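Read the structure below first, then the notes.
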Amino acid sequence: MSVAETAESTQYLTFKLDDELFALDISKVREVLDLTTITKVPRAPEFMRGVINLRGSVVPTVDMKVMFGMSMTEKTVNTCIIITEVTVDGETAFLGALADSVQEVINLDAEHTVTSPRLGTQLPTEFIKGMGRHDNGFIILLDLDKVFSSEKLVAS
């Protein structure tokens, strides 16, 4: 692989929500935690499951499945919280994202990504950075800053 090809390759953390495979740019992921106690916040939107204590810091935690119109995430041995770093209104914040399971970190070259189709997905397309081809299937590449935009967090 040449240096030019390497520069166009991006690492993604893949995770599952129901039977769908999603991916986040690894540069936005800080760590992956086993499911821990989530403290509910009164009058929070349904997708906002509450907050967790991360080494003394309060981290809001959202249910990605509920955000995307799926059923609420159930607690299983594989359920985890992906700690992400997002930019909301020009400020950096940490958010926890519930996922059914984390799969692996993969490299995707630009040639293995395509723009997302406008139909055939439950997600609003503004959340989707593109589709990645991997292992004879597709992975939905999420634009994390748009998923957690202040408009989305306030609208619900």
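You can think of it this way: the chain between LYS40 and GLU104 has 20.1 nm of extra reach, that is 0.36 nm per residue less the Cα-Cα gap. Counting neighbouring beta carbons within 10 Å and listing from fewest to most, the residues THR73, THR10 come out as THR10, THR73. Take the Cβ-Cβ distance between ARG30 and ASN136 as r, set R0 to 22 Å, and report the resulting FRET efficiency rounded to the nearest 0.05. The pair ARG30/ASN136 has a calculated efficiency of 0.10. Exposure proxy ranking for LYS28, LYS16, based on other Cβ atoms within 10 angstrom of each Cβ and starting from the fewest, stands as LYS16, LYS28.
Each of ASP19, ASP89, ASP100 was scored by other Cβ atoms within 10 Å of its Cβ. Listed from fewest to most, they are ASP19, ASP89, ASP100.
With unit charges on the beta carbon (Lys/Arg positive, Asp/Glu negative), name the residue among PHE15, MET131, GLY96 whose Cα is farthest towards the positive pole of the charge dipole of the stretch 3-155. About the Cα centre, the residue reaching furthest to the positive side is GLY96.
So what's the net charge close to ASP18: Lys and Arg +1, Asp and Glu -1, counting the other residues with Cβ under 11 Å from its Cβ? With Lys, Arg at +1 and Asp, Glu at -1, the net is -2.
Classify the stretch 3-155: rounded, prolate or oblate, from the alpha-carbon gyration tensor (a ≥ b ≥ c, eigenvalue square roots; a/c under 1.5 rounded; otherwise prolate if a/b is larger than b/c)? Prolate.
With K and R counted +1 and D and E -1, the other residues having a Cβ less than 13 Å from that of GLN103 yield a net charge of -4.
Readers should treat all values here as calculations from the given coordinates under stated rules, not as data from a laboratory. The model shown is predicted, which means the values in this text are computed figures rather than measured ones. Note that each Cβ is placed from the backbone with ideal geometry, even for glycine, and that neighbours are counted across all protein chains shown.
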